[in-house]
Structure formats: C-alpha cells, structure tokens
Amino acid sequence: MYRIVKKKSLNPTVSLMEIEAPLIAKKAEPGQFIIFRAKEDSERIPLTIADYDREKGTVTIIYQIVGGSTMELDTLNEGESLQDFVGPLGKPSETEGLKKVAVIGGGVGCAIAYPIAKKLHNMGCEVHSVAGFRNKDLVILEDEFKKVSDELHIMTDDGSYGKKGLVTNALEELIRNGNQYDEVIAIGPLVMMKFVCLLTKKYDIKTIVSMNPIMIDGTGMCGGCRLTVGGKTRFACVDGPDFDGHQVDFDEAMHRGTMYRDFESHARESACNLMKQGEDKNG
Amino acid sequence: MAKNMDPKKCPMPVQEPEIRKNNFDEVALGYTYEMALKEAQRCLNCKNKPCRSACPVSIDIPSFIERIVNEDMEGAYEIISQSSSLPAVCGRVCPQERQCESRCVRGIKGESVGIGRLERFVADYHREHSKNAPKKPESNGHKVAIIGSGPSGLTAAGDLAKMGYKVTVYEALHLAGGVLVYGIPEFRLPKIIVQKEIDNLKNIGVDIETNMVIGKVLTVDELFDMGNEAIYIGTGAGLPRFMNIPGESLKGVYSANEYLTRINLMKAYKDGAKTPISHGKNVAVVGGGNVAMDAARCAKRMGAENVYIVYRRGMNELPARKEEVEHAQEEDIIFRTLTNPVEILGDESGMVNGIRCIEMELGEPDASGRRSPVEKPGSEFSIEVDTVIMAIGTSPNPLIRSTTPGLDTNKKGCIVTDGENGLTSREGVYAGGDAVTGAATVILAMGAGKAAAKAIDEYIKNKG
Ligand SMILES: Cc1cc2nc3c(=O)[nH]c(=O)nc-3n(C[C@H](O)[C@H](O)[C@H](O)COP(=O)(O)OP(=O)(O)OC[C@H]3O[C@@H](n4cnc5c(N)ncnc54)[C@H](O)[C@@H]3O)c2cc1C
Ligand SMILES: Cc1cc2nc3c(=O)[nH]c(=O)nc-3n(C[C@H](O)[C@H](O)[C@H](O)COP(=O)(O)OP(=O)(O)OC[C@H]3O[C@@H](n4cnc5c(N)ncnc54)[C@H](O)[C@@H]3O)c2cc1C
Ligand code: SF4
Ligand code: FES
C-alpha cells in the first residue's frame with residue numbers, strides 16, 4: 001500500500017501529499033506523472049510528480065480540489081494509504097543543453113512546473129520563473145520557486161499580490177527587456193498555455209507545454225488522452241505529456257476537456273453533500 | 001452407449017434478447033448435466049480426430065467427450081488441462097466454428113458437435129464441484145518474471161509455478177487479467193471466472209504485482225538484476241488505432257478500448273460508478289470483429305436506442321465469432337455492412353452529431369485472395385449518431401520495446417520471436433500472445449504462454 005507520510009494544505013483548495021512509493025521515487029524524473037486511485041472503487045486520476053526523495057523512497061504530489069476524485073483524495077490523512085499509485089508515467093522533460101529558460105506556471109500548474117525549474121536550476125541553467133494566480137490567497141510554492149529561480153515574478157489577476165496582470169504580460173516584458181531564452185516552458189490552464197504560445201511564436205522562441213487531458217490507463221491503451229500535435233494524433237500519456245506548444249491544437253483540447261462536465265458536476269455535488277454530512281457529524 | 005444422431009446441436013439456454021438487452025448478466029447460460037450428456041453422445045469418437053488437428057492447442061477432443069459420456073467429468077477436465085489452462089474462458093470465447101467445429105465429421109450432414117459448449121460445461125462443472133485445492137508445488141529455487149497478466153502471461157505463470165519456479169507477474173493496471181477483465185464484457189465472460197483463475201495461481205504461490213508498468217518503474221534488464229533467470233513478455237496489443245478521418249477528436253468519439261475499459265474495468269455500468277461514460281442514444285461502432293460486437297452490445301445495454309455496426313466488407317466477412325454476430329442481431333443491433341465512414345460530423349460545441357459514410361462493393365481478389373472493398377462513387381450518406389466507437393484494431397504499446405536494448409520488433413511494433421518457443425532476440429527473454437502476433441485470440445495467447453513456459457524450463461535447466 002502507498003502510505004501518506006505527510007499532508008499539508010498549501011492554500012484553501014490546493015494540498016500536498018508525500019507518499020511512500022520507493023520504486024517510483026527511484027525512477028521519477030521531472031515532467032513525469034503518476035495515476036492514483038484513492039479507494040477501491042475510485043476513478044483513476046493523473047497527477048504530476050511534484051518532487052521525489054530517492055533515499056526516503058517518497059513521491060510528492062500537489063493537487064487542486066476540483067471535483068469528486070480530488071475531494072475523495074483529500075479525505076485521506078497522514079498514516080492512511082492510497083489504494084493504487086502507479087508510475088512514473090510519461091516521458092521526462094527534456095532539459096539537455098538548456099542555458100537560459102523562462103518557466104511559466106499558472107495556478108496549480110505551478111506544481112507541475114516546479115520540479116522542472118528545480119532540475120534546470122540544479123544543472124546550472126539560468127531560470128526566470130513567472131507564476132500566475134487569481135489572487136493572493138491562491139499563491140502556492142513561492143518559497144520553493146524562489147530557491148530555484150534567478151528571477152521570480154508573481155502575477156495576480158486582481159493585483160492583490162505580486163504584480164497585477166497575466167503571466168503573458170510578465171513574459172513579454174522579460175523578452176522585451178532583452179532576455180534571450182533557449183526555451184519557454186509553460187504549464188497551466190489550456191487558455192494560458194495557448195496565449196503563451198501565441199506570444200512566443202511572435203518572438204520565435206521554442207515553447208514546451210505540458211498537456212493534461214482526461215486519462216484512464218496511462219499506458220497507451222485507451223486513447224482517451226489523444227490530442228492533435230502538428231496535425232498528427234498523439235497520446236499524451238506515452239508520447240507526452242510535454243509537447244511543442246506551437247504544434248498543439250489547443251482549441252480541440254479545450255473542447256475535449258469538457259466531455260464529462262455534466263457528470264462531474266453531479267459527482268461534485270454528491271461529494272460536497274457527503275463532505276457536508278461529514279462536517280455536520282464532526283462539528 | 002447409444003449415439004445421439006440428432007443432426008442439430010443440443011441448444012444452449014440463453015437469456016431472452018428482450019431481457020438481456022437491459023442487463024450485464026451472462027447471455028449464454030451453459031448446458032445442464034443432462035444436456036451435456038446428450039450432446040456428448042453425438043460425438044462419433046473418430047479415430048483420426050479431425051477436430052483435434054484444427055484445435056490451436058491440440059486438445060484431445062474425442063477423449064474428453066468420451067469421458068463426459070462415461071460421466072467422468074473430472075477425467076474430462078484432466079484431459080483438457082493437459083493442453084489448455086483456461087477452459088472456462090476458451091469454451092466461452094473461442095471461435096470454434098473456425099477451429100475444431102469446422103472439421104467435425106458431424107458437421108458434414110448437419111451441425112458439428114458443440115465442442116465449445118462441452119468444454120465450457122466441463123470447466124464450469126469442475127469449478128463448482130472440485131474439492132481438491134491446488135497444492136503449492138515444491139520450489140526448485142529458480143526465479144522467473146512475467147510481464148502482463150492477460151491469458152498468455154497467466155498461462156506461462158501457472159505452468160512455471162507448477163514446475164516449481166518462483167514466479168512474479170507484473171501488471172500495469174490495478175487489476176490482473178488483461179483483455180479478459182478490461183475488454184471482454186461481463187455478459188460474455190463473467191469476471192468471477194477470471195478471478196477464480198487468478199486466485200488459483202496465487203494459491204500455488206504466484207506473486208501478482210499490479211500497478212507495475214514495466215519499462216517505466218522497472219526495465220527488463222533490472223528484472224534480470226533482481227535475480228530472475230528468464231522473462232516472459234505477454235503485454236498484449238493494447239494501443240488503439242484510429243482511421244485518421246476528420247472529426248475523430250470530437251467529443252463522443254471513443255476507441256473501443258476506452259469505451260470498454262470504462263464499462264468493464266471501471267464498472268461504469270453500475271449505478272453510482274465514479275467513472276463517467278457517455279450514454280448515447282444513437283451509437284455507431286466502426287469495425288466488424290469481436291471488439292466491435294462487444295462495444296455495440298454494451299452500448300445497447302447502456303440504454304442506446306439505435307446501435308449501428310459500420311463495416312466495410314459484407315456480412316460473410318465479419319471477423320467476429322458467429323455466435324456473437326447472431327446474439328448482436330437478436331439484440332437489434334443494426335448492421336450497415338459494405339459501408340465505410342469518411343467523416344465524423346459535429347456541432348458547434350464539438351459534440352458528435354453524425355457520421356458520414358460511403359457505400360462499398362467487393363472488388364477483384366487481391367494478392368492474398370481476399371476481395372477488397374472499393375468505394376462506390378457518389379454514394380455518400382449520413383447517419384445521425386451522438387457517439388462513435390472506433391473498433392478497427394490495435395497494436396502493441398511501445399513501453400517495453402523502447403526500453404529494452406537488443407529486443408527486435410517488426411514494422412508493426414510486434415516482438416520478433418524464433419519459432420514456436422517464443423525466444424526473442426535477447427537471451428533468456430521470451431514473448432508470446434498479442435505482443436508477438438498482433439491482436440489475435442485467447443487460445444493462441446494461452447498456447448504461446450504454454451510453449452514458452454516449457455522452453456523457459458529447458459533453458460534454465462540447461463544453463464546449469
Ligand atoms: C498528466 C497530468 C498531470 C496532472 N497533474 C496535476 C497536478 O499535479 N495537480 C493537479 O491538481 N492536477 C493535475 N492534473 C489534473 C487532474 O488530473 C484533474 O484535476 C483531476 O483529474 C480532476 O479530477 P476530479 O474528479 O477531482 O475532478 P472532475 O470532477 O473530474 O473535474 C472537475 C473539473 O476539472 C476539470 N478537469 C477534469 N480533468 C481535468 C484535467 N485533466 N485537466 C484539467 N481540468 C480537468 C473538469 O472539466 C471539471 O471542470 C493532471 C492531469 C494530467 C493528465
Ligand atoms: C473487446 C475484445 C473482445 C475480444 N473477444 C475475443 C473472443 O471472443 N475470442 C478470442 O479468442 N479473443 C478475443 N479477443 C482477443 C483476445 O482477448 C486477445 O487476443 C488476448 O487477450 C491476448 O492475450 P495476451 O495475454 O497476449 O494479452 P492481453 O490480454 O492484452 O494482456 C496483456 C496485459 O499486459 C499488460 N501490460 C501491457 N504493457 C505492460 C507493461 N509495460 N508492463 C506491465 N504490464 C503491461 C496489459 O495491461 C494487459 O493486462 C478480444 C479482444 C478484445 C479487446
Ligand atoms: S470430429 Fe466431431 S464427431 Fe469426430 S471426434 Fe471430433 S467432435 Fe467427435
Ligand atoms: S491514458 Fe489511455 S491512452 Fe493515454
């Protein structure tokens with residue numbers, strides 16, 4: 001079983017868990033992900049490996065509570081175990097030869113971007129990080145990013161923390177100020193990645209995005225995670241999740257992401273009710 | 001004992017179509033004891049055993065049927081077990097009409113003996129009545145790793161464990177069984193049967209490690225480093241193909257694997273299931289094999305009003321088992337054969353709302369002698385559907401081949417093996433089943449696992 005050795009809330013909807021999974025910890029590389037099932041009859045849900053400790057044999061995940069399955073995960077506490085935990089899946093991010101990179105994270109996407117920033121930093125690459133959030137309450141991983149970045153720019157939609165504006169505003173300013181990036185790595189909501197790509201295309205800077213489509217098996221068996229990259233069908237779980245952002249068909253990906261919206265809002269409501277009942281009992 | 005000269009097979013009881021369309025319980029209910037005796041008495045016990053020579057694993061068919069006639073059901077089971085590890089499964093899913101039953105002498109003037117139905121009866125009878133729990137064999141001190149827990153891997157594991165090897169099976173998914181659990185639906189193969197086979201393996205000491213994607217968490221070379229002396233790769237052919245026609249990324253387009261996995265593995269057919277699935281009203285399934293029939297019949301059971309099979313050749317060319325086609329027809333699945341999709345149509349929100357097809361006709365025979373379908377110009381038409389399921393084939397996934405240096409594969413990504421025993425281009429590494437042949441059948445995968453287990457035993461013994 002996969003024991004939770006640490007659980008910590010990062011903001012009202014984002015939490016971190018450190019899970020005992022020695023074999024995965026031994027192999028994990030930034031950019032890879034795991035699939036978990038919280039309980040016997042739960043859905044299979046992908047989450048990025050936010051960090052790993054090869055000696056301790058643990059893997060860290062950072063999750064945003066958005067629906068039924070992430071709520072269910074959040075009901076588990078330190079000392080309890082997850083039913084299933086499989087990985088490391090997907091291809092590691094390619095970092096070879098990079099000297100100067102801008103890492104852009106949006107919301108919980110920062111959790112996915114952080115291990116890459118850390119790896120780049122450790123290999124001596126100059127890292128400029130831009131992290132965007134809706135408001136001050138939702139800021140996560142600020143200290144972590146600070147440690148691995150030569151520059152960190154925090155942006156909020158409402159200006160309640162860092163600078164007011166979108167991550168694309170900050171990136172464009174950095175580029176205009178004469179920073180020459182070998183690559184931009186953008187991870188966050190699909191709209192954010194789409195607009196970062198439109199911007200970097202203008203300046204002709206290679207851009208890598210991390211795609212998070214709906215997945216089931218994570219081994220290339222179901223094809224549910226397919227997306228169109230450069231006109232070809234690719235499977236995010238085995239061919240990605242990192243892809244050349246200038247080749248990705250974002251509009252199609254956004255459509256596909258809403259496939260189960262009705263079902264999920266039901267699941268969320270019933271889970272919320274369960275949580276309410278739980279609170280009533282406890283409170 | 002008197003022979004039964006009825007020209008027809010003793011029919012097998014089934015759930016009525018109108019009822020079974022609405023449930024996931026098994027369709028074919030199996031022979032009773034009396035029916036099995038009656039059907040077994042139709043066998044002529046032919047000396048030259050034509051049926052046996054058409055069985056991919058050469059089960060001694062007339063002998064096991066003779067044991068049924070003598071009411072020695074355990075004896076019948078033992079004969080089948082010499083050649084097959086999964087009779088309860090194969091009795092249900094083998095394409096008998098193309099194998100043993102196609103050569104049966106009784107089939108010349110009437111219907112063949114119901115060999116598959118008898119095999120199933122023997123296996124079910126054994127499961128329900130046998131009291132001897134399998135004994136844990138004595139260890140011979142050697143370790144072998146099996147990758148993949150489909151019929152092929154499970155068979156190799158069972159045979160090796162019985163010879164005394166310490167066997168560990170590594171499975172990528174959270175449940176063992178391969179296609180038998182994630183692909184073939186409950187109404188055709190109850191999962192409890194597969195579970196029982198797996199429990200038997202555990203009882204004789206086989207370790208089954210789920211959630212282990214080999215090539216990612218451990219490589220083939222690391223499995224050797226862990227003390228395994230040989231490795232069997234039975235990872236199947238799970239990677240779905242698409243047609244590359246416009247509209248395949250619309251919402252409501254599934255690969256059959258995704259559709260069936262959501263239903264079978266993730267139990268989306270049960271009330272309160274957490275894994276979502278589309279409940280289409282009008283569903284088109286593209287393809288004509290067992291996979292297509294399963295997807296179509298699942299769609300019906302999930303509440304679809306109209307389910308179409310869209311297949312580019314004719315009814316006679318459908319590669320699915322005959323019984324499945326008949327059952328699908330009884331369940332009002334609509335067959336649009338000699339029809340090929342050219343585009344999937346969608347609305348402005350990206351949802352499927354139709355499929356555009358073209359009529360086909362069978363042209364001149366090609367080099368292989370098969371008449372290939374050609375388009376009839378100007379015959380395009382549309383069918384209104386909200387779900388499209390692609391069941392046009394699969395190929396092996398790249399996880400093992402891309403992480404195992406020196407392992408030869410062919411253009412289609414299948415592992416290349418040397419002859420019958422499954423040896424690959426790497427010493428000590430054997431492979432079989434769909435990973436080698438591409439999508440095929442349970443019996444062939446099972447047979448490959450058996451042959452490889454024997455070869456692995458010889459290899460390890462000769463190594464000294
Ligand atoms: C490779 C990969 C890595 C990921 N890494 C992380 C991570 O590190 N941290 C994290 O919090 N999340 C991550 N995700 C997203 C995470 O898997 C989803 O948030 C999760 O599946 C939601 O499940 P749920 O049942 O709680 O919500 P649901 O009820 O399924 O969905 C709630 C809402 O979230 C949307 N949604 C569902 N799935 C996704 C998705 N895959 N991407 C974006 N939106 C989605 C739905 O449209 C809906 O609006 C990753 C996804 C992938 C494919
Ligand atoms: C819907 C459907 C219906 C079918 N109906 C019939 C039928 O009626 N009759 C018939 O004879 N045949 C039928 N078949 C075909 C038959 O099921 C297959 O030929 C057979 O299952 C192949 O067995 P296998 O052991 O080679 O592989 P599989 O059954 O595919 O098992 C392979 C296993 O390996 C696992 N795996 C893959 N990669 C890795 C990895 N890297 N590490 C660890 N594990 C891995 C997979 O998760 C899977 O569990 C059907 C197939 C499908 C999909
Ligand atoms: S061919 Fe038919 S009749 Fe002859 S032995 Fe085989 S099953 Fe019996
Ligand atoms: S998640 Fe099933 S193929 Fe990628």
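The values are calculated or read from the model by the stated rules, or taken from the named source; none is laboratory data. The model shown is predicted, which means the values in this text are computed figures rather than measured ones. All Cβ positions, glycine included, derive from the backbone under ideal geometry; neighbour counts span all protein chains shown. When the accessible area is computed, the model is the full protein with side chains, heavy atoms only, and any ligands, DNA or RNA have been set aside. Shrake-Rupley method; radii C 1.70, N 1.55, O 1.52, S 1.80 Å.
Table for the structure above
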{"read-out": "P(r) histogram, all alpha-carbon pairs of chain A included - 5 Å bins from 0, percent", "value": "1, 6, 12, 16, 19, 18, 14, 9, 4, 1, 0, 0"}
{"read-out": "Region A:1-158 - share of DSSP beta bridges that are antiparallel (%, nearest 5)", "value": "65 percent"}
{"read-out": "Rounded Å value of the spacing that divides the Cα centres of region B:238-272 and region B:1-22", "value": "33 Å"}
{"read-out": "Chain B - percent relative contact order, Cα under 8 Å, separation 6 or more", "value": "15 percent"}
{"read-out": "Whole-percent carbon and sulfur share, accessible surface of the protein assembly as shown, 1.4 Å", "value": "49 percent"}
{"read-out": "Normalised per residue, the volume of the convex hull around the Cα set of region B:87-227 (Å³)", "value": "133 Å³"}
{"read-out": "Chain A, relative contact order in percent, only Cα pairs under 8 angstrom and at least six apart counted", "value": "16 percent"}
{"read-out": "Lys, Arg +1 and Asp, Glu -1 on Cβ, resulting dipole of chain B about Cα centre, debye, nearest 20", "value": "740 debye"}
{"read-out": "Percent of Cα pairs exceeding the 14 Å cut-off, where the set is region A:106-148", "value": "43 percent"}
{"read-out": "C-alpha long axis of helix A:190-202 to longest principal axis of chain A, angle in °", "value": "10 degrees"}
{"read-out": "Label-point gap, in nm, between B:S379 and B:R356 - each point 7 angstrom along Cα→Cβ", "value": "1.8 nm"}
{"read-out": "Inter-probe distance in nm under a simple model that places probes 7 Å from Cα toward Cβ, at B:M226 and A:K6", "value": "2.8 nm"}
{"read-out": "Chains B and A together, accessible area buried on both sides, 1.4 angstrom probe, square angstrom", "value": "3300 Å²"}
{"read-out": "Extended-chain gain in nm, criterion 0.36 nm per residue less alpha-carbon gap, B:S130 and B:Q15", "value": "38.7 nm"}
{"read-out": "Solvent-accessible area lost in complex, 20 Å² minimum, residues of region B:148-193 relative to chain alone, 1.4 Å", "value": "B:A172, B:L173, B:H174"}
{"read-out": "Length released on extending from B:N23 to B:T403, taking residue separation times 0.36 nm less the Cα-Cα span", "value": "132.5 nm"}
{"read-out": "Inter-centroid distance (Cα atoms) of region B:324-396 relative to region A:70-102, Å", "value": "40 Å"}
{"read-out": "Distance histogram in 20 Å bins (all Cα pairs of the protein assembly as shown, percent per bin)", "value": "16, 46, 31, 7, 1"}
{"read-out": "Region B:249-302: relative contact order in percent, alpha carbon pairs under 8 Å with at least 6 residues between", "value": "32 percent"}
{"read-out": "Accessible area (Å², 1.4 Å probe, nearest 10) - B:S112", "value": "10 Å²"}
{"read-out": "Shielding by partners, peptide A:19-32 (average Cβ within 10 angstrom, other chains)", "value": "2"}
{"read-out": "Modelled FRET efficiency - R0 25 Å, B:N244 with B:K196, Cβ distances, 0.05 increments", "value": "0.05"}
{"read-out": "Charge sum, other residues only, whose C-beta stays under 13 Å from A:K194's C-beta, Lys/Arg counted +1 and Asp/Glu -1", "value": "-2"}
{"read-out": "Sites B:I204 and B:Q82 - FRET efficiency at Förster radius 25 Å, r taken between beta-carbons, to 0.05", "value": "0.90"}
{"read-out": "Rounded to the nearest 20 debye, dipole of the protein assembly as shown from Cβ charges on Lys, Arg, Asp, Glu", "value": "1120 debye"}
{"read-out": "Rg and Dmax [Cα atoms of region B:236-328; Å; Rg one decimal, Dmax integer]", "value": "13.4, 40"}
{"read-out": "Residue-normalised accessible area of region A:151-267, expressed per residue, 1.4 Å probe, Å²", "value": "44 Å²"}
{"read-out": "Value of D in µm² per second that Stokes-Einstein yields for region A:1-40, Kirkwood Rh from Cα pairs, at 4 °C (1.567 mPa s)", "value": "109 µm²/s"}
{"read-out": "Computed label-point distance, nm, for sites A:R54 and B:E364 using a 7 Å Cα→Cβ extension", "value": "6.3 nm"}
{"read-out": "Derived scalar couplings ³J(HN,Hα) [region B:196-203; Karplus, 6.51 cos²θ - 1.76 cosθ + 1.60; whole Hz; x for Gly, Pro]", "value": "5, 4, 5, 4, 4, 4, 4, 5"}
{"read-out": "Per-residue SASA entry for A:H255, accessible area with 1.4 Å probe, Å² rounded to 10", "value": "80 Å²"}
{"read-out": "Threshold 30 Å², region B:389-424 residues less accessible with all protein chains present than alone (1.4 Å probe)", "value": "B:L399"}
{"read-out": "Cα long-axis angle, helix A:167-176 against chain A (0 to 90 degrees, to the nearest 10)", "value": "20 degrees"}
{"read-out": "Rounded FRET efficiency, nearest 0.05, which uses the C-beta distance separating A:K202 from A:K147 and R0 of 35 Å", "value": "0.65"}
{"read-out": "Rounded accessible area of B:E74 (nearest 10 Å², 1.4 Å probe)", "value": "70 Å²"}
{"read-out": "Average beta-carbon neighbours from other chains, 10 Å sphere, peptide A:209-221", "value": "5"}
{"read-out": "Placed amide H near B:T387: partners under 5 Å, 5+ positions off or other chain", "value": "B:N282, B:A284"}
{"read-out": "Dimensionless Rg over Rh [region B:119-162; C-alpha; Kirkwood]", "value": "1.07"}
{"read-out": "Check: region A:1-104 dipole with +1 on Lys, Arg Cβ and -1 on Asp, Glu Cβ, in debye", "value": "360 debye"}
{"read-out": "Per-residue [θ]222 nm for chain B (sum of -39500 (n - 2.57) over DSSP H runs n ≥ 4, rounded to 500)", "value": "-9000 deg cm²/dmol"}
{"read-out": "Farthest positive-ward along the protein assembly as shown dipole, Cα basis, beta-carbon charges - from A:H128, B:C104, B:L44", "value": "B:L44"}
{"read-out": "Delta accessible area of at least 30 Å² on complex formation, residues of region B:206-251, 1.4 Å probe, chain isolated as reference", "value": "B:N211, B:V213, B:K216, B:V217, B:L239, B:P240, B:F242, B:S249, B:K251"}
{"read-out": "Mean accessible surface per residue for region A:1-54, computed with a 1.4 Å probe while every protein chain stays in place, in Å²", "value": "41 Å²"}
{"read-out": "Solvent-accessible surface ranking, highest first, for A:D143, B:D366 at 1.4 angstrom", "value": "A:D143, B:D366"}
{"read-out": "Probe 1.4 Å, all protein chains present, accessible-area order of A:D244, A:D157, largest first", "value": "A:D157, A:D244"}
{"read-out": "Heavy-atom accessible area ranking, 1.4 Å probe, most first, across A:R226, B:R241", "value": "B:R241, A:R226"}
{"read-out": "Heavy-atom surface of region B:1-78, accessible at 1.4 Å and reported per residue (Å²)", "value": "52 Å²"}
{"read-out": "Using alpha-carbon coordinates, inclination of helix A:261-282 to the longest axis of chain A, degrees", "value": "60 degrees"}
